[in-house]
Amino acid sequence: MTADFDIVLRKYLDILDDWQRKVDNIRKMHHEIWTASRVYPIIRQHRAGSRVEKQCRILPMGKQTDVDYKFEVKDIVVDMTTKKELYWKVSPSSSAHGNIFVHESTKTELMNKSLHCDIFTENLFQWDCAENAYLLRPGQFKSNVVRISGFEYTQDATTTPNSPSIPGQGAVNEYDIVPCLRISQWPTSTYKWANKDASENKALNKRFRSNMIKNEDLFVVPAGNPSSPEAEREFRLSFSLVEVKCFEELSDYQRKLYGVLKYLFKQQLESVDLLDSYHVKSLFFSMLDKELIGVNSKDLIDDVFSFFKMLLGACKERCIKHIFIEECNIFPFHKKDWERKTVEITDVVHNQDKMIEELHFLVQRDLKITGNSDGKWISQAMGKIDELNTENRRIVYINGYLTRLLSLITYSLFENQESGKLDEAIRKIQDLFKQFTDDDNICRIIPIVNIGIEHLNVSSSNILTIDNSFVTTSSVDKISTQVHVAFDHYLCGKLQDAQQILDEITVNVPGNTHYIGLSITSFHKRYELDEALHHVISTLESKSKERKCPRFYMDPLFFAQHLKIQCRLKLRDSFPVQSDLDELESFSAHLSEREPYLGRLSYRYSAILLLQGYQSLLQRLELKFSSMDKEDVDTFHQRLYATNFDLR
């Protein structure tokens, strides 16, 4: 059983990691589009954390990681070697922490500097007699940067002095905003890591380490040492962008192993409330350094047990070394009852059967296998894995990410048009697509992006578009593009043009074919939409805490049928007949409640809302949707049943 499960687990991880790597560039571009459109001029945005680290991300059911945004204040550098201007002083309690001091002349300059004066306010500085300089107050720095950034954040969120972030809530994902300052050079405390005798066979060999120190910037973030009485006065060195580079160096096996280790920690040890994910990361890289984990391995389960044995030893010895600063011990001495909690960890680590059982549950859940606790499910799992390992299933996953990327581009174009920065935004988007010309999936949406650009830039004498001369469009993507063109004509009131394109689309009810979806945003309210679409927007607004309509998604074939009905209504003032509505309802019945997102951002959910928007028309015409009474939109839960093969 154990040997058979090891094979199943490896194949499961192979497919999951393969899918995630297929969308790496899509996710990178998504971040770049977001970055280009919404930050205050003096803030440079970086993205860090597990969502951008090249991890094999394995999450508990219904959970998702937040997005970590680092907000660097531009043109400000903390001096690490001298006491000039803005400078760093290492804390006596931890070489990873310190204070930032500012000379009076520099304080005056910062407070009078255009734009920077909004961050460097009087209450940011506190006179320190012993240092004969002003202390830069971490908490106030954090508040000032977030306030002027333009990001929506949780106003009443409380953060501790050792937390560098302020939480916020996006349309789908939660995010953490982490203000930071760049430092002039890597501190000398990191040189031991850089010069360590690391063989070429190691993931992080000496050449890689040397390149990091030469080429990668480091930052400080407003977070104090939780064990220090001076925590509220301290900043912390941040290596999060370097950690992104470190994960890129891992072998496929090491990346997948880390995903399993982090998942098991989250499921079995996080609730003990002693260690956190960063301790897991530190111990994992320590194992790599000691070459206890190879580039590959014949026994993943053995490596899992070895890691947790090492974790337990670190807890008993109260010593977890910082990845980059060896003399820095990041064991959480500030946590209460650490001795009792170490005993709890001991019980978990020694119960290897429970760990295996946890991995069994993970695979069964993600493969949607139920009622097989006697071990006979292994053969069923192999069949499910074979189903996932098909081009059709991969393309569904990729299309979800492309739909989300297209949605953000659409929103960004509307947003920048409203603020008078459309040409600048288009040029940035052009440059981004040039960076990803080798990614066939990203190139698939170029014709659709050009439709949106031409729509919003119609008044310009020199319309900027993205070169798509090299793009080969499949028959399926051609249909997605046609529906986008038809919708563009519909928005412009060119109903005959829209109807002509829609009549060219001849496809049966959707089956195994999956398309890049349409995105509708709050900006679309400015157009003369139909009653059904307005119903979707108003319903989503009423369900939103901010009374804003989130971007939502429509399946192209379903939406094409809706547009056909609406064009006929508006062109000939002719009412739909029952067969029109039956066909629309038939399309909706085949839509997935897992695409592109699970639940309330699915094609199925928006389709049901659209059908409900037809109700007043149906009553007037004495027509009906036969299954409408059976639909309950309140049963759609966005995250509750999400697996690792769903878009999150």
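So with the 1.4 Å probe, I'd like the accessible area per residue for the chain, rounded to whole Å².
Details: 28800 Å² over 648 residues.
Using a 1.4 Å probe on heavy atoms only, each residue of the chain averages 44 Å².
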Discussion item. Under 20 Å between alpha carbons, and skipping anything fewer than 8 positions from Lys341 in its own chain: which aspartates and glutamates qualify?
Written reply: Glu270, Asp273, Asp276, Glu317
Worksheet item: Using the alpha-carbon atoms, what tilt in degrees (0 to 90, nearest 10) does helix 556-572 show relative to the longest principal axis of the chain?
Response: 40 degrees
Item to complete: Nearest 5 is fine: what % of DSSP beta bridges in the chain come out antiparallel, could you say?
Response: 80 percent
Worksheet item: What's the angle, to the nearest 10 degrees (0 to 90), between helix 578-589's Cα axis and the longest principal axis of the chain?
Response: 20 degrees
Item to complete: Could you tell me how many degrees, from 0 to 90 and to the nearest 10, lie between the Cα long axis of helix 252-264 and the main elongation axis, the longest principal axis, of the Cα atoms of the chain?
Response: 90 degrees
Worksheet entry | Given charges at beta-carbon only (K, R positive; D, E negative), |dipole| of region 1-95 in Debye | 280 debye
Worksheet item: Restricting attention to the alpha-carbon atoms of the chain, what are Rg (one decimal) and Dmax (integer), both in Å?
Response: 27.4, 84
Worksheet, complete the sentence: Per-residue accessible area, 1.4 Å probe, largest first, puts Asp118, Asp273 in the order Asp273, Asp118
Worksheet item: Summing -39500 (n - 2.57) over the DSSP H runs of n ≥ 4 in the chain and dividing by its residue number, what mean residue ellipticity at 222 nm do you reach, to the nearest 500 deg cm²/dmol?
Response: -15000 deg cm²/dmol
Discussion item. Quick check on region 336-434: take the gyration tensor over C-alpha atoms, sort the square-rooted eigenvalues as a ≥ b ≥ c, and tell me if it's rounded (a/c under 1.5), prolate or oblate.
Written reply: oblate
Worksheet item: Classify region 94-155: rounded, prolate or oblate, from the alpha-carbon gyration tensor (a ≥ b ≥ c, eigenvalue square roots; a/c under 1.5 rounded; otherwise prolate if a/b is larger than b/c)?
Response: oblate
Worksheet item: Between the DSSP loop rule and a limit of at most 16 other Cβ atoms within 10 Å, which chymotrypsin sites (Phe, Trp or Tyr not before Pro) in region 515-622 are left?
Response: Tyr527
Response to the item:
From the cross-link list Lys11/Lys368; Lys28/Lys245; Lys11/Lys376; Lys478/Lys525, the entries with a Cα-Cα span beyond 19 Å are Lys478/Lys525
Worksheet item: What dipole magnitude, in Debye to the nearest 20, does the chain give about its Cα centre under +1 on Lys/Arg Cβ and -1 on Asp/Glu Cβ?
Response: 920 debye
Discussion item. Using a 1.4 Å probe on the protein heavy atoms only, what accessible surface does Leu110 show? Give it in Å² to the nearest 10.
Written reply: 10 Å²
Fill in: His350, His535, His524, ranked by accessible area, largest first (probe 1.4 Å)
His350, His535, His524
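The values are calculated or read from the model by the stated rules, or taken from the named source; none is laboratory data. Note that the structure is a prediction, hence the values are computed from the model and not measured. So basically every Cβ, Gly included, is an ideal-geometry build from the backbone, and we count neighbours across all protein chains shown. These accessible areas exclude ligands, DNA and RNA; they are computed on the full protein's heavy atoms, side chains included. Shrake-Rupley method; radii C 1.70, N 1.55, O 1.52, S 1.80 Å.
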